[in-house]
1. With a cut-off of 8 Å between alpha carbons and a minimum separation of six or more residues, what is the relative contact order of the stretch 13-80 in percent?
2. Percent of accessible area on the stretch 18-94 owned by carbon and sulfur, 1.4 Å probe?
3. Give me the 1.4 Å probe accessible area per residue for the chain, excluding ligands and nucleic acids, in Å².
4. Normalising by the residue count of the chain, find the relative contact order in percent from Cα pairs under 8 Å and 6+ residues apart.
5. Tell me the Rg and the Dmax, in Å, that the Cα atoms of the chain produce.
6. What ranking, highest mean first, results for peptides 2-11, 54-63, 33-42 when packing means the other Cβ atoms within 10 Å averaged over each residue?
7. How long is the gain from K76 to V5 if the chain were fully straight, where each residue apart is worth 0.36 nm and the alpha carbon distance is subtracted?
8. Gaussian network model of the chain, Cα springs within a sub-10 Å range: biggest mean-square fluctuation belongs to which of A23, A75, A50?
Amino acid sequence: QLQLVESGGGSVQVGGSLRLSCAASGEFFSDYNIAWFRQPPGKEREFLAAINWAGNDEFYESSVKGRFFIARDNAKNTAYLQMNSLIPEDTAVYYCGADYNWGRILAGLLGSWGRGTQVTVSS
C-alpha cells in the first residue's frame, strides 16, 4: 500500500497562493491515480482535483477549476496542488489520496490517504 505525506500547508492572506506536496513511498507511485480532497471545519470531506497515473488526464471540482492546479512528478514520487487566489472558504485540512482505479478516485473511495495538512486563509 502506498504511504502518503502531505506538506506545504500554512496560513495565508486572501488572494495568496500555496503549493501543497504529497510525497509517496512504499510502492510504485507511477501506478497510482492521485486526488486531493479537503475537509473544512465542521463539514464533510470534499473532492478537489485528480490526476491519472501518467499525468496526462486531470479532473477538477467546478468551484476550484481555474484556481487550483494538480500536477505530479513520478520521478520524485510526489504530487502537487497549486492553489491560487485563496479565499477564506478554502480554509480546511487538505488530504491527498491514491488508488489504482480512476472511478474510485472520483468517488472518493481511495485505497490510501495521507494524514492531511492545514490551510488557513485569513482576510
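1. Working: 84 pairs, mean separation 22.3, N = 68.
Relative contact order of the stretch 13-80: 33 percent.
2. On the way: 1870 of 3730 Å².
With neighbouring chains kept in place, the figure for the stretch 18-94 is 50 percent.
3. On the way: 6170 Å² over 123 residues.
On a per-residue basis, the chain sits at 50 Å².
4. 37
5. Using the Cα atoms of the chain, the pair Rg, Dmax is 13.3, 41 Å.
6. Listed from highest to lowest mean packing, they are 33-42, 2-11, 54-63.
7. Working: separation 71, 0.36 × 71 = 25.56 nm, distance 1.33 nm.
The span from K76 to V5 would gain 24.2 nm if fully extended.
8. A75
The values are calculated or read from the model by the stated rules, or taken from the named source; none is laboratory data. All values reported here derive from a predicted model rather than from experimental measurement. All Cβ positions, glycine included, derive from the backbone under ideal geometry; neighbour counts span all protein chains shown. Areas reflect the complete protein model, heavy atoms only, side chains present, ligands, DNA and RNA absent. Shrake-Rupley method; radii C 1.70, N 1.55, O 1.52, S 1.80 Å.
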